[in-house]
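As structure tokens, the structure follows; a few thoughts come after it.
The values are calculated or read from the model by the stated rules, or taken from the named source; none is laboratory data. The structure presented is a predicted model; accordingly, all values stated were derived computationally and were not measured. Here the Cβ positions follow ideal geometry from the backbone for every residue, glycine too, while neighbour counts run over all protein chains shown.
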């Protein structure tokens, strides 16, 4: 596999752009391929079998595009499919997401940690294992956020409806003494500015995008696959109408870009 080969990144929709941005900042010389499976969003309310099938189809598409590594920029897809993808593609570095329970447990001063995530993530055995391993000494309060992914997909990062949803979810967490809040979905960093308005200044927000980028860098370095040279391009596909992603890219990615139709 040549070091100049691209890195494939995918998510149920636009949320993985938060991870893609961290990868671009850390590894500017890498060519990036991004798939938004927005025609099937949100994954959080789908069955594990459904998510595995979508993840396998998208991973195969990215491998056919020459990807030298895969990043599942989606907590729910990681929970359902990362193990199977590592079995199917044992030769590829594959990086997944998981809620940042360990750093949150270390950061909390009150001993109360809140988690905003999708229903699929919060119900998973993988999440339960994280709690058992890293959060035995703290109280973790979970809050599913149905409808939030759809608001972010539409670019409604500071709309009255988004604000109303978040206020309803964070109020009970604060009432129970939460001082550290995990953003357990890759979509959620995009509403960090709104959360900062709704939360006391001493509440810490934690997500894992930067950690995923660093893990990807370590794996590529170990396999001698890091690209060199000048900054490279990023290419986008969507399983929904390309115009939907094109409309929010300036807001969420910071610049406009053409989007192709995902053929799977």
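When the residues of segment 160-187 are narrowed to those that are touching a strand residue (DSSP E or B) at 6+ places or on another chain (Cβ under 9 Å) and part of a helix (DSSP H, G or I), which ends up nearest to residue 200 (Cα to Cα)? If we take residues in segment 160-187 being touching a strand residue (DSSP E or B) at 6+ places or on another chain (Cβ under 9 Å) and part of a helix (DSSP H, G or I), then 174 is nearest to residue 200 (Cα to Cα). Only one entry in 190, 236 is assigned by TED's automatic domain parsing to the domain that holds residue 75, in contact with a helix residue (DSSP H, G or I) (Cβ under 9 Å, 6 or more places away or on another chain) and crowded, with 18+ Cβ neighbours inside 10 Å, namely 236. Filter segment 1-45 for residues that are farther than 17 Å from residue 221 by Cα, more than 14 Å from the chain's Cα centre (by Cα) and surrounded by fewer than 21 Cβ atoms within 10 Å (Cβ to Cβ) and give the result. Answer for segment 1-45, where residues must be farther than 17 Å from residue 221 by Cα, more than 14 Å from the chain's Cα centre (by Cα) and surrounded by fewer than 21 Cβ atoms within 10 Å (Cβ to Cβ): 39, 40, 45. Out of 98, 84, one residue alone is within 19 Å of the chain's Cα centre (by Cα), surrounded by fewer than 23 Cβ atoms within 10 Å (Cβ to Cβ) and part of a loop (DSSP other than H, G, I, E, B). It is 98.
Looking for something modelled with pLDDT of 95 or more, surrounded by 12 or more Cβ atoms within 10 Å (Cβ to Cβ) and over 30 Å from residue 130 (Cβ atoms) - is there at least one such residue anywhere in segment 194-206? Taking every residue of segment 194-206 in turn, none turns out to be modelled with pLDDT of 95 or more, surrounded by 12 or more Cβ atoms within 10 Å (Cβ to Cβ) and over 30 Å from residue 130 (Cβ atoms). Applying the criterion of at least 3 residues that are touching a residue at least 60 places away in the same chain (Cβ under 8 Å) and under 19 Å from residue 252 (Cβ atoms) to the strands (runs of 3 or more DSSP E) found wholly in segment 1-79 leaves 7-11, 32-36. Of 230, 250, 242, all but one fail to be in contact (Cβ under 8 Å) with a residue 40 or more places away in the chain and either surrounded by 21 or more Cβ atoms within 10 Å (Cβ to Cβ) or not assigned by TED's automatic domain parsing to the domain that holds residue 157 (or both); the exception is 230. As a summary of the residue check, residue 92 satisfies the conditions (1) touching a strand residue (DSSP E or B) at 6+ places or on another chain (Cβ under 8 Å); (2) surrounded by fewer than 17 Cβ atoms within 10 Å (Cβ to Cβ) except for the one numbered (2).
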